[in-house]
Amino acid sequence: MTRRLHSRLALVLLTASPAWAVAAPVMFEKDVRPILKTHCFHCHGEDGEMKGGLDVRLARFILKGGKDGPVIVPGKVAESHLIDLVKKGEMPKGKTKLADKDIATLEAWVAQGAKTARPEPEKLGPEHAFTDEERAWWSLQPIHAVKPPVEKKGATSIDAFIAAKLEEKGLSFSPEADPVTFIRRASFDLIGLPPTPAEVDEFVAAYIKNPQLSIEHLVDRLLASPHYGERWGRHWLDAAGYADSEGFGERDLERPWAWKYRDYVINAFNKDKPFDQFVREQLAGDEMVPQPYKDLSPDAIEKLAATGFLRMSPNGTGEKNDAATQNANIADTLKMVGTSLYGLTIGCAQCHDHRYDPISQADYYRLRAVFEPGFDTKAWRGPGSRLVSLLTEKEIAESAKIEIEAKKLDAARTAKAEEFITEVLEKELLKAPEADRAALRTAYRTEVKKRTADQTKLLKAWPRVNQLSSGSLYLYDTTYKTKHADTLKKMAAEAADVRATKPKQEFLHAFTELPKKPEAVPATYIFNRGQFDQPKEQVKPSDLTVLAAFRKIEIPEKNAALPTTGRRLALANELTDGKHPLVARVMVNRVWMHHFGKGIVTSAGDFGQLGTKPTHPELLDWLATDFMARGWSLKQLHRQIMTSRTYRQASTRDATRDRIDPDNSYLSRMSVRRLEAEILRDSLLAVSGKLNPQVGGAPVPVMFNEEGQVVIGIDTTDTAGRPSGKVIPLNGDEFRRSIYVQARRSRPLEMFATFDAPIMEPSCDARTVTTVSPQSLLLMNSTTMRVHAQQFAQRVQSEGGKDTADQVRYAFRLVSGRSPSESDVQQSVEFVQAQTEFYKANPTPLEVQLGAPSKTPGDPAFLGLTALCHALLSSNALLYVD
């Protein structure tokens, strides 16, 4: 009885005690310092800021206290002023009150005697910027060569890692997906298009004979498709923040040559360019090409085009070229580099030490120093002056010769215009009093800025003389219009025709560093609180200092063998030397994310404290190691993933799996995924038989329609923004893949905006997937969808046979890859018949391209079939991939 009473009393006391009273051992470095660093360092210790005389960067500084004395009393929570302030929400001052769990941690630390894990340094220098705990963060450790668990028969190394974790959770693999599901999944994953009925039939027949071999052949066929580069190039363009406009202000100036970088990316994926080379070219392709850039070889053009990677961030200096706008462009570029290659939010250290990760403010500016010579704020180059011409020396000489001939025609036209002007002038002067004619003639012939007040007054009195010019000849009388104005117009056209024979001028939207003498290379300074007009100490280029424990981080200030500094090339080589802890991990995680819907690290652009830890850390390191060992081949990585048992699972859910692993983090089944915005549009084009397979080239333009929606088309509004009503045909370009549609930051295509396509500010690591009513409304009601449905119906009528039931079966197969049940066929036929009767009673015009309604009512039978096609195109069967 006594023992039971004591137990109950202990339970009561335990329940009534504050959280800190029963906490595990709390240490300053591991538990307390991260809280203070996030919320307090900014005012109490960082950059010499000591409000109240208090420095909280070390435990002994806290024990010492500030101007009013100690702020904590070890072992006595109630007497510790610091605890009182944070509990009342008075500190951090002007900010949100600390979370209850953080306050409990501070209380527990004080209650346990304000302990440290190790002796603290006498003073804080750069070498003490991070604690051992921060340095030990998983993503900042060397990539380990991991041995996979023992593989079961028929399983891959990937499967061994996944199976081991599943067994820990009491789970197992789901059954394999059926062949129709698999080919649809694989097709969308690798080329972003649905398989054709013929491709489905061929694969199913091969699968029945040999599942493993058929899957391997399918994956190889898809990887060899030119559409593979379009699909996977889109993923990388998200990470790079690709856009065809500058993204600044209402004008959002176009980047007419940015597409050269987009094509470089697509081609790189199609050729399976080793990813390490891909990275080096994007960071420093210009430093691999001899200067000056003349008579460029295809390889040199490729390398220079690659540097468009560093020109993708928003850039407003074409409209407002001041220091603030320049620095915003540089900051966005560093942010993009940080998330895409490092998988870290390095940009958060621009104004102060990173609040969560071991990245100091000095680290940020050391990394900026790598790129500074290429940006060079002291000699800033606007968007137009950054372009690299692709004309060869021979073409330049040829253009010069052609221009000489054109100028001869210009001179002849000028002489003829003067002849006509003189003729007209003399006729007009005859209308003036004879006494005024000489003065009027002299006034007209006098240069405008040299005219006297009397001459100006005289000309204003005779406006027909005053306004006479070669451009106004047609206003004087019919004879002048036909004889003179038309003659001049013809001569101008002849000069234009001659100039049209010049070699076509093309440019690269490139990042290039101009050669400079060492003393002219711009220095990089740490900005006080990130303010560009408050430079402090100068820094030298380097990688992140937290990596210095196991690798070289210094970047030479100047490579004597290059005309440029060579800093970016040196960094690129360091990042891809096979020993950097981040680049390979980040990329294999991205590939995994795009195959399974989420990465092993779900925060693809943040491998830091605020990101998520890997669900399968050993698998991540094994994939990264193997990726590098196999020559950084992305296609080989696809093969490994897609031939695994893990990838081949069905997506069927059940209560047990959902209870144990509701987010499917451990992959006991395949996750169902919705098509991205661009792939949805591409699928609509493919299903309707309209897809234009042309690869590469200038973007397909977009414009605002009369309803204010962004649609595909050539903008014909005038300078005042008034629509001309003129429609310029695109000759099939409107059916090109979505990756080729102009990516204007201020003008996302209606479908793209509705289905979560990102606006690059500056880039996108992982797309959000929302389910909102405007998506359904667009699919059901938009003119664009009605056009797609009509085109789909035309294809079904043409290829599906004359019988309605056969047309229904064909339509289902085009959309989902599967034949419908006979019940579905019967219901669909009845639906088409009912819709046909409706349109007989209610004549309705067809929709034609660009949404302009035709005036002639459509055939009711065709409109009835169109209604079914519209329903299928809006269905989950097309929208989702199992």
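Give me the one-decimal Kirkwood hydrodynamic radius in Å for the stretch 17-117, with the sum taken over alpha-carbon pairs.
Its Kirkwood hydrodynamic radius stands at 13.4 Å.
Note on the chain: Kirkwood hydrodynamic radius from all Cα pairs is 32.7 Å, rounded to one decimal.
Each listed q (0.12, 0.13 Å⁻¹) maps to a log10 I(q)/I(0) for the stretch 780-881 from the Debye sum over equal C-alpha point scatterers, namely -0.36, -0.43.
Straight Cα distances below 30 angstrom link Lys169 to the lysines Lys30, Lys101, Lys147, Lys152, Lys153, Lys598, Lys613, with same-chain residues fewer than 8 positions distant left out.
Exposure proxy for Ile330, Ile759, Ile346: other Cβ atoms within 10 Å of each Cβ, ordered fewest to most, give Ile759, Ile330, Ile346. Normalised by 2.2 N^0.38 Å, where N is the number of residues, the alpha-carbon radius of gyration of the stretch 173-250 equals 1.46. Remark on the stretch 396-504: ratio of C-alpha radius of gyration to 2.2 N^0.38 Å is 1.34. Cα-based values for the stretch 85-196, radius of gyration first and Dmax second, are 25.6, 71 Å. Summed over qualifying helices (DSSP H, 4 residues or more, each -39500 (n - 2.57)) and divided by its residue number, the chain shows a 222 nm mean residue ellipticity of -14000 deg cm²/dmol. Between the alpha-carbon centres of the stretch 244-322 and the stretch 191-206 there is a gap of 36 Å.
Oblate is the label for the stretch 548-703, because a/c, from the alpha-carbon gyration tensor with a ≥ b ≥ c as root eigenvalues, is 1.5 or above and a/b does not exceed b/c.
Output the 0 to 90 degree angle, nearest 10, between the alpha-carbon long axis of helix 583-596 and the longest principal axis computed from the alpha carbons of the chain. Rounded to the nearest ten degrees, it is 80. What separates the Cα centres of the stretch 369-391 and the stretch 548-598 is a distance of 22 Å. Neighbours of Tyr444, meaning other residues whose beta-carbon lies under 14 angstrom from its beta-carbon, give a summed charge of +3 when Lys and Arg score +1 and Asp and Glu score -1.
Computed from Cα atoms, the angle from the helix 2-16 axis to the main principal axis of the chain rounds to 30 degrees. Once you divide the Cα radius of gyration of the stretch 237-302 by 2.2 N^0.38 Å, the number left is 1.28. Cross-linked pairs Lys335/Lys540; Lys37/Lys64; Lys51/Lys97; Lys516/Lys579; Lys95/Lys123: Cα-Cα separations exceed 21 Å for Lys516/Lys579; Lys95/Lys123.
Residues whose amide H lies under 5 Å from that of Val741, counting only those 5 or more places away or on a different chain, are Val700; hydrogens are built 1.01 Å from N in the peptide plane.
Can you tell me which of 169-175, 572-578 comes out highest on packing, and rank the rest after it, using the mean Cβ neighbours within 10 Å?
Working: 169-175: 14.3, 572-578: 18.1.
Taking the mean over residues of other Cβ atoms within 10 Å, the ranking is 572-578, 169-175.
Relative to the longest principal axis of the Cα atoms of the chain, helix 860-873 runs at roughly 40 degrees.
Throughout, read-outs are computed from the coordinates displayed, never taken from laboratory work. All figures in this text were calculated on a predicted structure; none of them were measured in a lab. Ideal geometry is used to build each Cβ from the backbone, glycine not excepted, and the neighbour counts take in all protein chains shown.
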